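Here's the structure, in structure tokens; my notes come after.
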Amino acid sequence: MKPSVLMTDTIFPDTSLEQEVFAEEGIEFTLSPSQDVKTLAESGKSADALLVVYASVGADIIEQLERCKVIVRAGIGYNNVDLEAASRKGIRVANVPDYCQGEVADHTLGIFLALARRICHLNRRVKEGNWNANEGKSAPRLQGKTFGLLGCGAIGQEVAQRAMAFGLEVVAYDPYASPEALSQHGIRKIEDIDQLYREADFLSLHLPLTESTKHIIDRTALSKMKRSAMIINTSRGGLIEENDLYTALVENRIAGAAIDVLETEPPQSTPALFGLDNVIITPHTAFLSQDSVAELRKKASLEVARTLRLGTPAHPVN
């Protein structure tokens with residue numbers, strides 16, 4: 001009997017790439033017709049693996065999986081999969097951490113530069129018929145400023161490389177990285193997170209969303225930052241308490257924010273942040289490029305096949 005995989009959901013135009021990989025590996029493929037709990041639980045009951053994009057796979061689904069050996073999240077983050085429930089059930093969970101690193105780093109610097117240089121604002125003003133160069137004079141000089149990284153894994157290190165090209169000093173707070181390892185990339189390690197908040201002229205977030213990192217940027221953290229500081233987030237929206245960020249921005253306690261992610265995506269209504277001129281928001285597109293999507297889909301599918309064949313994923317997260 002062939003092993004089987006259930007793809008819980010997809011944002012891609014088709015599933016031809018996934019089907020091709022699984023056909024070559026001798027694995028039966030099914031795309032769930034719906035992402036509701038009942039459908040996923042029933043469809044996944046006989047599956048040997050789940051391939052997950054954005055569907056929420058909680059304990060109510062996991063507890064009903066009878067044959068599942070692995071759940072692979074097609075992406076870097078895995079906060080939409082209940083790790084504790086999977087571990088209790090003896091199911092391995094894996095992600096795809098080694099794709100789109102260049103794309104996310106490029107997007108991080110792109111929205112940072114657009115914010116710092118007021119590019120979006122000036123573009124809008126010109127198109128409204130206002131040609132006034134003086135509206136750009138509040139942009140800070142980048143050279144010599146401090147670019148802080150909260151979390152400094154592979155993507156953080158790529159961001160650092162790009163930031164240094166603009167003459168920025170890069171510092172990082174990451175308890176899992178040694179000072180020696182970071183210094184090899186020209187990054188100065190900061191041992192205390194509060195010191196990072198105080199030093200950074202620009203703060204870029206590169207953390208997974210976990211119970212310990214949820215709302216790590218809140219009123220308390222924001223109060224420790226410079227009034228001229230700007231925040232960049234291309235990781236997960238839940239890292240920032242959005243109401244606290246909004247308040248800090250309208251009260252001029254920080255200077256601006258450039259974010260690619262929101263706590264609720266897509267937003268249920270128009271967030272107050274949308275109305276602020278010192279905020280840039282893009283629709284969770286940092287990971288996207290013509291090449292990264294195909295890379296993600298193939299690597300996620302191969303991770304499923306590898307685990308079913310060898311019993312162990314290459315990138316387990318539980």
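The values are calculated or read from the model by the stated rules, or taken from the named source; none is laboratory data. Small disclaimer: the values here were computed from a predicted structure and weren't measured. Glycine also receives a Cβ, built like all others from the backbone with ideal geometry; neighbour counts cover every protein chain displayed.
What the table below lists for this structure:
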{"read-out": "The range 119-178, subset polar (S, T, N, Q) and within 25 Å of the chain's Cα centre (by Cα), residue surrounded by the most Cβ atoms within 10 Å (Cβ to Cβ)", "value": "GLN157"}
{"read-out": "Residues of the range 200-227 that turn out to be modelled with pLDDT of 95 or more and buried (at least 20 other Cβ atoms within 10 Å of the Cβ), as a count", "value": "11"}
{"read-out": "Residue satisfying condition, being surrounded by fewer than 21 Cβ atoms within 10 Å (Cβ to Cβ), aromatic (Phe, Trp, Tyr) and closer than 30 Å to GLY151 by Cα, within set TYR78, TYR54", "value": "TYR54"}
{"read-out": "Check on PHE29, at pLDDT below 95, touching a helix residue (DSSP H, G or I) at 6+ places or on another chain (Cβ under 7 Å) and farther than 14 Å from ASN80 by Cβ", "value": "no"}
{"read-out": "Qualifying residue in the range 204-216 (condition: among the acidic types (Asp, Glu), in contact (Cβ under 8 Å) with a residue 12 or more places away in the chain and either in the same structural domain as ASP106 (by TED's automatic domain parsing) or closer than 27 Å to GLU251 by Cα (or both))", "value": "no"}
{"read-out": "Extreme residue, nearest to ASP106 (Cα to Cα), among residues of the range 265-282 that are in contact with an Asp or Glu (Cβ under 9 Å, 6 or more places away or on another chain) and free of Cβ contacts under 8 Å to residues at least 40 places away in the same chain", "value": "ILE281"}
{"read-out": "Test: residue in the range 39-51 that is in contact with a strand residue (DSSP E or B) (Cβ under 7 Å, 6 or more places away or on another chain), at pLDDT below 95, among the hydroxyl-bearing types (Ser, Thr, Tyr) and surrounded by 18 or more Cβ atoms within 10 Å (Cβ to Cβ)", "value": "yes"}
{"read-out": "Residue selected from the range 265-302 under the condition under 23 Å from ILE155 (Cα atoms) and among the hydroxyl-bearing types (Ser, Thr, Tyr), by the criterion surrounded by the most Cβ atoms within 10 Å (Cβ to Cβ)", "value": "SER301"}
{"read-out": "Residue tally, condition without any contact (Cβ under 8 Å) to a residue 12 or more places away in the chain and in contact with a strand residue (DSSP E or B) (Cβ under 8 Å, 6 or more places away or on another chain), over the range 283-318", "value": "0"}
{"read-out": "Meets criteria (farther than 12 Å from LEU150 by Cβ and in the same structural domain as PRO140 (by TED's automatic domain parsing)) for THR247", "value": "yes"}
{"read-out": "The one condition in (1) in a helix (DSSP H, G or I); (2) free of Cβ contacts under 8 Å to residues at least 12 places away in the same chain; (3) of a type in the set (A, V, I, L, M, F, W, C) that CYS120 fails to fulfil", "value": "(2)"}
{"read-out": "Some residue of the range 162-169 being at pLDDT 95 or above, among the basic types (Lys, Arg) and under 28 Å from LEU288 (Cβ atoms)", "value": "yes"}
{"read-out": "Hits in the range 105-158 (condition: of a type in the set (Ser, Thr, Tyr) and either touching a helix residue (DSSP H, G or I) at 6+ places or on another chain (Cβ under 8 Å) or outside the structural domain of ASP277 (by TED's automatic domain parsing) (or both))", "value": "THR108, THR146"}
